[in-house]
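The values are calculated or read from the model by the stated rules, or taken from the named source; none is laboratory data. The structure presented is a predicted model; accordingly, all values stated were derived computationally and were not measured. Positions of Cβ are backbone-derived with ideal geometry, glycine not excepted, and every protein chain shown enters the neighbour counts. Surface accessibility is based on the protein's heavy atoms, side chains included, excluding ligands, DNA and RNA. Shrake-Rupley method; radii C 1.70, N 1.55, O 1.52, S 1.80 Å.
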Amino acid sequence: MTEPKSLKFPKNRQMPTLEIQPHTEEVIDVDPQIIAIMKARLAGEPLDEFFSRDDQMTNELAIERERKKLKSVFGNASEVYSGFSSLESVKLTRSKLREHKVDRDLLSQYANRKLAGQPIDEADLYAHLVADSELRTKQVRVESLKKLFPTLGLKAREVVDCVAEHYLAKDFSSFSVSKEMIELSAPLKEQLKSGEIQDSVNEVLTIFYKGME
């Protein structure tokens with residue numbers, strides 16, 4: 001049996017080398033979430049905790065985006081409350097919120113978590129996000145308003161009596177009078193017929209939002 005011949009290279013000739021090139025970022029495209037999950041597994045962390053943190057971070061980023069939108073609409077807390085202090089200003093405020101694509105559904109969910117599910121006035125949440133104003137429940141707002149009854153006219157008191165219960169029943173809204181409320185209330189129907197309802201609602205809105213900032 002003959003031995004295999006060995007390969008011979010000419011003198012002064014360099015041996016061939018194999019060069020390994022790292023992949024570019026365009027080639028390696030791994031989802032950051034997958035990497036984070038792998039790290040969590042290596043660290044022995046429960047994945048349910050990881051996902052809850054991930055969801056929380058996503059929600060916080062979403063709320064920050066809404067905060068920036070609101071700051072484009074309102075410069076400070078006073079501007080927020082002015083925007084809800086009359087029927088005309090509410091109409092303008094709603095238009096601006098739509099124009100800046102403020103996500104009321106997302107903010108409603110955020111409000112629901114903020115005070116352990118207790119109803120929050122829409123204006124109070126906006127003031128909180130824009131100027132870090134202290135949050136209060138709708139119940140606190142209504143109780144404060146009733147203490148100011150002596151400053152309200154008779155027709156304005158009728159509005160409060162007829163609307164307060166409906167206002168408290170909604171988790172996230174501002175003080176408002178709907179057509180359905182008017183249909184269900186004899187005093188409000190009478191005010192509508194006499195043309196007084198707009199003035200009485202404006203009186204309530206002014207003291208409810210400007211008088212209790």
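Of the helices (runs of 4 or more DSSP H) contained entirely in region 120-189, those carrying at least 1 residues that are open to solvent by 80 Å² or more (accessible area, probe 1.4 Å) and out of contact with any Leu (no Cβ under 8 Å at 6 or more places or on another chain) fall at 138-147, 154-169, 179-184. Among residues belonging to region 107-119 that are over 22 Å from residue 90 (Cα atoms) and touching a strand residue (DSSP E or B) at 6+ places or on another chain (Cβ under 8 Å), point out the one that is least open to solvent (accessible area, probe 1.4 Å). That would be 115. Scanning region 178-200 for residues that are under 21 Å from residue 89 (Cα atoms) and among the small types (Gly, Ala, Ser) yields 178, 195, 200. Against the condition touching a helix residue (DSSP H, G or I) at 6+ places or on another chain (Cβ under 9 Å), touching a residue at least 60 places away in the same chain (Cβ under 8 Å) and farther than 21 Å from residue 142 by Cα, how does residue 87 come out, does it pass? In short, no.
When you look at residue 53, is it open to solvent by 100 Å² or more (accessible area, probe 1.4 Å), modelled with pLDDT under 55 and basic (Lys, Arg), yes or no? Criteria met by residue 53. In region 191-213 there is at least one residue matching the filter, namely being open to solvent by 80 Å² or more (accessible area, probe 1.4 Å) and not in a helix (DSSP H, G or I).
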